[in-house]
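Here's the structure we're looking at; comments come further down.
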Amino acid sequence: MLTGLRTMMLTVLLLAIGGNASAHHSQVLFDMNQCLTLSGTVRTWQFESPHSWLWVVVPNAKGSTDVWGFEASSPAQMIEAEHRWKRDVLKTGDKITVRYSPLKDGRTGGALNTVTLPDGTSLRAATPACAQAQSPANAPAANAPAANAPAANAPAAGQSTKPAARP
């Protein structure tokens with residue numbers, strides 16, 4: 001009887017641990033060995049759980065613009081990493097500089113690392129630090145594949161809905 005109870009408790013424990021591990025989001029979509037920088041204009045800032053999203057309009061080499069989507073951690077994790085994060089810290093129209101780890105598939109987006117605000121203040125996201133290598137501003141747009149299209153799921157300015165799919 002005691003052996004059966006121990007087996008059952010061990011099984012429940014292993015299922016609980018396994019469920020949490022499989023539900024945890026990894027950084028597998030991003031090239032965390034690269035740290036790129038670009039400048040643009042805030043389109044939308046979504047400071048909400050489970051992940052915050054920053055949408056930035058960035059000039060491209062063709063003379064038009066692309067919308068870039070940057071995934072960040074939850075508000076609680078971001079506030080823990082940098083106490084100056086707030087829902088209104090980024091406003092539509094703000095000119096900012098973003099450091100990020102790019103998406104591995106070359107689409108316009110990545111894992112947010114830091115944001116430099118118009119006043120020069122730099123805020124660190126809770127995303128694991130990307131590599132120390134620094135690239136010139138807007139280098140990804142110049143190096144991006146020709147088929148690189150704007151994120152189709154980017155919300156309109158001021159819209160607070162979560163994206164249907166990641167950029």
Every residue from region 43-102 that is among the basic types (Lys, Arg) and either buried (at least 16 other Cβ atoms within 10 Å of the Cβ) or not in a strand (DSSP E or B) (or both):
43, 62, 84, 86, 87, 91, 99
Mind telling me which of the residues 73, 64 ends up being farther than 12 Å from residue 108 by Cβ and in contact with a helix residue (DSSP H, G or I) (Cβ under 8 Å, 6 or more places away or on another chain)?
73
When region 110-132 is examined, which residues are found to be closer than 13 Å to residue 34 by Cβ, modelled with pLDDT of 90 or more and aliphatic (A, V, I, L, M)?
111
Residues of region 63-84 classified as at pLDDT below 95 and over 19 Å from residue 102 (Cβ atoms), total:
11
Residue 81 meets each of (1) in contact with a Cys (Cβ under 6 Å, 6 or more places away or on another chain); (2) among the hydrophobic types (A, V, I, L, M, F, W, C); (3) under 16 Å from residue 121 (Cβ atoms) with one exception, condition (1)
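Yes or no, residue by residue, for (1) within 12 Å of the chain's Cα centre (by Cα); (2) among the aromatic types (Phe, Trp, Tyr):
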residue	(1), (2)
41	no, no
54	yes, no
65	no, no
70	yes, yes
77	no, no
88	no, no
95	no, no
114	yes, no
Can you tell me which residue among 65, 41, 92 is among the β-branched types (Val, Ile, Thr) and farther than 20 Å from residue 117 by Cβ?
65
Given (1) of a type outside the set (Ser, Thr, Tyr); (2) touching a strand residue (DSSP E or B) at 6+ places or on another chain (Cβ under 9 Å); (3) in a loop (DSSP other than H, G, I, E, B), index of the condition residue 28 fails
(2)
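The values are calculated or read from the model by the stated rules, or taken from the named source; none is laboratory data. It should be emphasised that the depicted structure is a prediction, and the values quoted were computed from it without experimental measurement. Ideal geometry is used to build each Cβ from the backbone, glycine not excepted, and the neighbour counts take in all protein chains shown.
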